[in-house]
Amino acid sequence: MTVEFSLDSKPGNNVCPMSSDLTVSWVDRQFAWWQDRWFRCVEPWRLVRARRSGYDKHKEALVTFPIATFNRGKILCERTIPSILNQSYPRVEVIVVGDKVVDDTKERIAAIKDPRVRFIDLPRRSRYPESPKERWFVVGTIPMNVGMSLARGSWIYVMGDDDVLYPEAVEKMLRFAAEGDYESVTAAVQYFEDGETKVSGSDEGIRSLGFPVGGSAAWMYRSYLKCFPWNPHSWKKSWNRPCDYDLMVRMRRCGVRMGYLDDVVALVPPVDGTNLHGSRAFIEQARQGLV
């Protein structure tokens with residue numbers, strides 16, 4: 001279906017290790033400081049109201065996958081979406097939001113012919129920082145917020161447009177969430193970089209954020225938590241600049257019940273055309289004019 005500031009590091013608010021070599025203007029730092037104060041004031045009340053909307057633990061949950069994408073139609077439709085539709089847990093929906101794509105993403109998604117998959121393309125490309133490093137921190141935040149606003153599921157699963165889920169990922173994470181009455185669950189992810197197979201687990205979260213979380217390709221939370229929007233301005237901070245770090249910290253300090261499943265449930269392959277992933281791959285693609 002297609003539809004046309006504390007500025008200082010502190011526990012639980014650690015400086016992301018990728019931030020030290022980047023310069024943020026005084027104006028941007030001030031903006032980040034005031035925005036952080038605003039989030040601290042309003043988001044606890046948003047969470048209280050959102051929880052009142054109710055969550056039926058006894059009803060079989062629909063899991064929504066909002067996926068932001070830009071010109072990755074082939075990988076998205078041949079790798080990522082099939083890994084979602086082939087889950088052992090069948091009650092899923094996929095909402096792909098294009099950031100004004102100019103490739104054949106729309107046609108490829110239409111060819112899937114599965115009512116669980118929808119595609120929306122934004123009328124114009126979202127505005128991001130010029131610097132590739134700073135852009136990587138927040139790219140996709142605006143289409144992600146659009147996708148979340150359209151979600152019909154009681155759970156939202158976060159993943160990139162080139163990630164792959166292992167067949168029992170959703171089933172395992174839902175079971176773990178039910179056992180611990182968690183509102184947000186992360187797990188470990190496997191990735192390949194520089195010819196090596198590695199696992200990103202809770203150690204990285206503890207080192208970067210001060211609490212155990214897994215990779216962003218293995219993150220699921222109750223849909224009423226979309227009262228916490230993805231922050232397209234997180235790059236302006238001097239701490240926790242990646243948008244997923246920013247969101248996790250904001251949820252945790254408001255008291256969202258968070259759990260970590262010590263199991264590998266997803267794969268993050270090297271970014272197409274590189275032997276890398278994450279910021280290093282994004283910067284390489286930026287040099288080629290692909291992002």
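Return a yes/no flag: does the stretch 222-229 have any residue that is within 13 Å of D36 (Cα to Cα) and either crowded, with 20+ Cβ neighbours inside 10 Å or touching a strand residue (DSSP E or B) at 6+ places or on another chain (Cβ under 8 Å) (or both).
Scanning the stretch 222-229 turns up at least one residue that is within 13 Å of D36 (Cα to Cα) and either crowded, with 20+ Cβ neighbours inside 10 Å or touching a strand residue (DSSP E or B) at 6+ places or on another chain (Cβ under 8 Å) (or both).
Select, from R253, R207, R257, the only residue that is in contact with a Pro (Cβ under 9 Å, 6 or more places away or on another chain), at pLDDT 95 or above and surrounded by fewer than 16 Cβ atoms within 10 Å (Cβ to Cβ).
Values: R207 fails: at pLDDT 95 or above; R257 fails: in contact with a Pro (Cβ under 9 Å, 6 or more places away or on another chain).
One residue alone meets the criteria, R253.
If we keep just the residues of the stretch 231-244 that are part of a helix (DSSP H, G or I) and in contact with a helix residue (DSSP H, G or I) (Cβ under 6 Å, 6 or more places away or on another chain), which is nearest to S184 (Cα to Cα)?
Let us first name the residues in the stretch 231-244 that are part of a helix (DSSP H, G or I), namely 234-236, 243-244.
This time we only want the ones that are in contact with a helix residue (DSSP H, G or I) (Cβ under 6 Å, 6 or more places away or on another chain), so: 234-236, 243.
Details: S234: 21, W235: 23, K236: 26, C243: 16 Å.
Selected residue: C243.
If a residue must be of a type in the set (A, V, I, L, M) and within 12 Å of the chain's Cα centre (by Cα), how many such residues does the stretch 148-177 contain?
Step one: of the stretch 148-177, the residues of a type in the set (A, V, I, L, M) are 148, 150-151, 156, 158-159, 164-165, 169-170, 173-174, 177.
Keeping just the survivors that are within 12 Å of the chain's Cα centre (by Cα) gives 148, 156, 158-159.
Of the residues in that region, 4 qualify.
Have a look at V138, V170 and point out the one that is touching a Cys at 6+ places or on another chain (Cβ under 8 Å), modelled with pLDDT of 90 or more, farther than 20 Å from T105 by Cβ and surrounded by 20 or more Cβ atoms within 10 Å (Cβ to Cβ). Talk me through it step by step, then tell me what you get.
Details: V170 fails: touching a Cys at 6+ places or on another chain (Cβ under 8 Å).
The unique qualifying residue is V138.
Which condition breaks for P11 when tested against (1) at pLDDT below 95; (2) surrounded by 10 or more Cβ atoms within 10 Å (Cβ to Cβ); (3) of a type outside the set (A, V, I, L, M, F, W, C); (4) within 30 Å of S131 (Cα to Cα)?
(2)
The values are calculated or read from the model by the stated rules, or taken from the named source; none is laboratory data. Keep in mind it's a predicted model, so treat the numbers as computed, not measured. Note: ideal-geometry Cβ built from the backbone for every residue, glycine included; neighbour counts use all protein chains shown.
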